[in-house]
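These notes are about the structure you will find just below.
The values are calculated or read from the model by the stated rules, or taken from the named source; none is laboratory data. Keep in mind that what you see is a predicted model, and the values were worked out from it rather than measured. All Cβ positions, glycine included, derive from the backbone under ideal geometry; neighbour counts span all protein chains shown. With ligands, DNA and RNA removed, areas are computed over all heavy atoms of the protein, side chains included. Shrake-Rupley method; radii C 1.70, N 1.55, O 1.52, S 1.80 Å.
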Amino acid sequence: MTTAATGAPRPRADLRLGVTLHSFANEYCSFVWSFEDLLQMAGLLGGGVEIVGPSHHRGFPYVTDEFESQFKSSVERHGLIPTAYGSYADPYMLPSRDLTDDELVAYTIPQLEGAKKLGFPVVRLQHFTAEVIDRLLPWAEKLDLVLGWELHVPMTIRSDRTQQLIELVRAHDTPHLGLIPDAGIFARSVAEGHLEIGRSSGVPEELIQVAVDAWNRKLSLEEVLDLVGNPAADSPVTTWIGFVWDSFGHSDPAELTELLPHVVHLHGKFFGIEDGDEPNLRYRELVEVVHRGGYQGWISSEYEGDAPDSFVVVSEHQAMIRRFEAEAARS
């Protein structure tokens, strides 16, 4: 989408917003809401819906005819548009050894077929599939699917693994392969809720403050563990620090600009809304980048927090994006 005068991207009139059902994990995992309830909540928000394979349907990695019928009926009933299917690539599922490339391909293909069966145009891939992508792309072409590697912390835009994925996307140069950035890579601070998790796990306050200072200084996971004395791998301190370093990344939203032609979906990760903003993630800048860049894919609200009503906070997240989008359109 370009302007006739300059050939530059023309901003969209409005971004397409949806929700991943992962946002409602608190209610779903505690049996407060059924799967049908999740779809009803998504329908009340309006727009698109994303699901996570192993979380949301039985028989994974296969999709049963029964689930297909249930899902399509609910999508139609609630006026939803399927946006992205969250596939998984777990090469470490066996206790004695890693999966072979053949096994990883065999594990992934049914997920691609299931996504197609359910009507999803995009499939989220994890980076473990990079080494077998030459064997997965023919299936994507056959099924007319777009595969997208998720850029999730600790994989920031400048990290070595992300750069490898970007090079693969560019080398293949196909509409069937792209990237799915997760907003958690665009952090300005560590969420208070994550600090509370550390405290409740028994991490001493002085070590929490050392870790926060290390995060602010953009130290690596290895460097911060060295600072706190290299505790045992299974200690609460190591577990909590790993959790923080896997949740908040230091990418600059401006770094996304040159990658937008390869972005096929966006995960709108967020941990909470305060005074109409996500206090720990750089959403105003992110929304401006995707608006000005003419991004035409979906943004799925992806809530990871403990609010008493996930629907309310997801609604606030989408209202925030709309407000930042309006600001970008006026500037």
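Just a few scattered comments:
- For the stretch 141-184, a residue qualifies if it is open to solvent by 40 Å² or more (accessible area, probe 1.4 Å), more than 13 Å from GLY249 (Cα to Cα) and touching a residue at least 60 places away in the same chain (Cβ under 8 Å), and exactly one does: ARG170.
- Hey, HIS291 within 16 Å of the chain's Cα centre (by Cα) and either modelled with pLDDT of 95 or more or part of a strand (DSSP E or B) (or both) or not: no
- With respect to (1) more than 23 Å from ILE299 (Cβ to Cβ); (2) under 24 Å from the mean Cα position of the chain (by Cα), the lone exception for GLU66 is condition (2).
- Here PHE128 clears all of (1) under 24 Å from LEU221 (Cβ atoms); (2) out of contact with any helix residue (DSSP H, G or I) (no Cβ under 6 Å at 6 or more places or on another chain); (3) open to solvent by less than 10 Å² (accessible area, probe 1.4 Å) except the condition numbered (3).
- Pairing residues of the stretch 185-206 that are polar (S, T, N, Q) with residues that are exposed (fewer than 13 other Cβ atoms within 10 Å of the Cβ), at Cβ distances under 9 Å and at least 6 apart in sequence or on separate chains, gives SER189/ASN216.
- Which numbered condition PRO54 fails, given (1) open to solvent by less than 10 Å² (accessible area, probe 1.4 Å); (2) within 21 Å of the chain's Cα centre (by Cα); (3) not hydroxyl-bearing (Ser, Thr, Tyr): (1)
- Screening the stretch 154-255 for helices (runs of 4 or more DSSP H) wholly inside it with 2 or more residues that are closer than 30 Å to PRO138 by Cβ returns the ranges 160-172.
- Conditions (1) open to solvent by less than 50 Å² (accessible area, probe 1.4 Å); (2) farther than 23 Å from TRP139 by Cα; number of the one not met by ASP98: (1)
- Residues in the stretch 1-45 that are modelled with pLDDT of 90 or more and at positive phi: PHE31 only.
- Close pairs (9 angstrom Cβ cut-off, 6 or more residues apart or separate chains): under 12 Å from HIS56 (Cβ atoms) in the stretch 108-125, among the aromatic types (Phe, Trp, Tyr) and in a helix (DSSP H, G or I) anywhere: GLY114/PHE67; LEU118/PHE67; LEU118/PHE71
- Any chance SER235 is closer than 15 Å to THR156 by Cβ and surrounded by 13 or more Cβ atoms within 10 Å (Cβ to Cβ): no
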